[in-house]
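I have placed the structure first, in the form of structure tokens, so that the comments after it can refer back to it.
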Ligand code: NDP
Ligand code: GDR
């Protein structure tokens, strides 16, 4: 039975990846940072019904010793580094923490792998945010990077360190440059989930409006369940590499609002208010990925389209709020 270690297992992608790996017959270990709210921290894993099938291990991205001890003891075959301070907007408020967790934290994991399990296969969660002020209309593995936030700069450092460890120490280290991917398990601060939660509240009479920032920004949105499959496929390849994972369709925040509100029979123009305070100091205006390499080499293709994704998210948020209303 192969063993996988996931950092960031309590996040959106960690939960779906754990589910996929369990289904593929893996023993799944997850890094869990100590929290006073540990009772709610496994919420996504509980939602998927897999919390009891995972071994959670005490450690932190900033604590190299904890990472080395875990990897030395359990000798995982695959290590997925998903942990990060992943909210772009917060990265201007906490640039140093973002650099330490999202940037240096990845190097801590690389070092731990190099020291304790150099034959393990390593995955780094890189991001389309690294393209930032885009240098090509559609971005692929050869498009130059131009990070526009402390988060993106930290991810770029981690990305190049992954390439560097691959070239310097022959680690089987791959980097997935993933475009935005969403689901009912998306954190509520991210725009798609904020919108679908807002739709549900308005639909159920719990709110009257939804305040958003830049409605013109465009993103290439896919479903997280499709994207974690690409992560796993990367580590099944003989040779490590870098892959863009995207749908190739770019949609504005305003258009996502239209789709999500329409699913609940509402007209978004009646409810969405723009709050300039929610604009970012520097924006990534538009992203659109070219996943031809992932398609050709990994045989990967997304299965869920944007309308189905928005519908699934709205339905999940309606169900959540209805359940809360029932329990009082
Ligand atoms: P989430 O924000 O949902 O999850 C982040 C995870 O990192 C959580 O499990 C969190 O733990 C953990 N974490 C944060 N800080 C630490 C720390 N100091 N020590 C240990 N664990 C820590 O992110 P997603 O699941 O959406 O994304 C997964 C990865 O992919 C991230 O690296 C993200 O930057 C990257 N990415 C995401 C994309 C997307 O569209 N979702 C696109 C491209 C890249 P806790 O629960 O305790 O907070
Ligand atoms: P992003 O995702 O920054 O692309 O990073 P987010 O959903 O936060 O923003 C997408 C776009 O929507 C605009 N926007 C708003 N965003 C938020 N959060 N809240 C609002 O009210 C709002 N109004 C408009 C933003 O300005 C932006 O243009 C995500 C994260 O998962 C990263 O970790 C990951 O690396 C990238 O996707 C790829």
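The values are calculated or read from the model by the stated rules, or taken from the named source; none is laboratory data. Fair warning: this is a prediction, and the values are worked out from it, not measured in the lab. Every residue, glycine among them, receives a Cβ derived from its backbone with ideal geometry; neighbour counts consider all protein chains shown.
Free of Cβ contacts under 8 Å to residues at least 24 places away in the same chain and in contact with a helix residue (DSSP H, G or I) (Cβ under 6 Å, 6 or more places away or on another chain), is that true of residue 51? Walk me through it before giving the result.
Values: free of Cβ contacts under 8 Å to residues at least 24 places away in the same chain: yes; in contact with a helix residue (DSSP H, G or I) (Cβ under 6 Å, 6 or more places away or on another chain): yes.
Judged against the criteria, residue 51 is a match.
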Item to check | Selection count, the stretch 132-175, where residues are surrounded by 20 or more Cβ atoms within 10 Å (Cβ to Cβ), touching a helix residue (DSSP H, G or I) at 6+ places or on another chain (Cβ under 7 Å) and not in a helix (DSSP H, G or I) | outcome: 9
Item to check | helices (runs of 4 or more DSSP H) wholly inside the stretch 19-95 containing at least 1 residues that are crowded, with 21+ Cβ neighbours inside 10 Å | outcome: 43-47, 64-74, 90-93
Checklist entry - When the stretch 219-231 is examined, which residues are found to be touching a strand residue (DSSP E or B) at 6+ places or on another chain (Cβ under 8 Å) and surrounded by 20 or more Cβ atoms within 10 Å (Cβ to Cβ)? => result 219, 220, 221, 222, 223, 224, 227, 230, 231
Next on the checklist: If a residue must be surrounded by 15 or more Cβ atoms within 10 Å (Cβ to Cβ) and touching a helix residue (DSSP H, G or I) at 6+ places or on another chain (Cβ under 8 Å), how many such residues does the stretch 279-305 contain?
Outcome noted: 9
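Scan 112, 106 and give me the residue that is at pLDDT 95 or above, outside any loop (DSSP other than H, G, I, E, B), within 25 Å of residue 59 (Cα to Cα) and more than 16 Å from ligand 2 (Cβ to nearest atom). Outline the logic, then answer.
On the way: 106 fails: more than 16 Å from ligand 2 (Cβ to nearest atom).
Answer to the check: 112.
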Next on the checklist: Restricting to the stretch 13-39, name every residue that is out of contact with any strand residue (DSSP E or B) (no Cβ under 8 Å at 6 or more places or on another chain) and within 16 Å of ligand 2 (Cβ to nearest atom).
Outcome noted: 15, 16
Checklist outcome for this item: Checked the stretch 176-192 for anything in a loop (DSSP other than H, G, I, E, B) and more than 6 Å from ligand 1 (Cβ to nearest atom); matches are 179, 183, 184, 185, 186, 188, 189, 190
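So, in the stretch 232-257, of the ones that are assigned to a strand (DSSP E or B) and more than 10 Å from ligand 2 (Cβ to nearest atom), which residue ends up surrounded by the fewest Cβ atoms within 10 Å (Cβ to Cβ)? It would help to see each step written out before you state the result.
Start the filter on the stretch 232-257 by keeping residues that are assigned to a strand (DSSP E or B), which leaves 242-245, 251-252.
Checking which are more than 10 Å from ligand 2 (Cβ to nearest atom) leaves us with 242-245, 251.
Details: 242: 19, 243: 25, 244: 26, 245: 29, 251: 17.
Residue satisfying both the conditions and the ranking: 251.
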Next on the checklist: Being more than 23 Å from residue 244 (Cα to Cα) and within 13 Å of ligand 1 (Cβ to nearest atom) narrows it down to one residue among 104, 64; which is it?
Outcome noted: 64
Checklist entry - Looking at the stretch 199-210, is at least one residue buried (at least 23 other Cβ atoms within 10 Å of the Cβ) and under 18 Å from the mean Cα position of the chain (by Cα)? => result no
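Just give me the residues in the stretch 258-291 being under 27 Å from residue 136 (Cβ atoms) and not in a loop (DSSP other than H, G, I, E, B), in sequence order. Talk me through it step by step, then tell me what you get.
Within the stretch 258-291, the first condition is being under 27 Å from residue 136 (Cβ atoms), and the residues that meet it are 259, 279-291.
Answer for the stretch 258-291, where residues must be under 27 Å from residue 136 (Cβ atoms) and not in a loop (DSSP other than H, G, I, E, B): 259, 286, 289.
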Checklist outcome for this item: The lone condition residue 312 fails out of (1) more than 16 Å from ligand 1 (Cβ to nearest atom); (2) in a helix (DSSP H, G or I); (3) under 26 Å from the mean Cα position of the chain (by Cα) is (1)
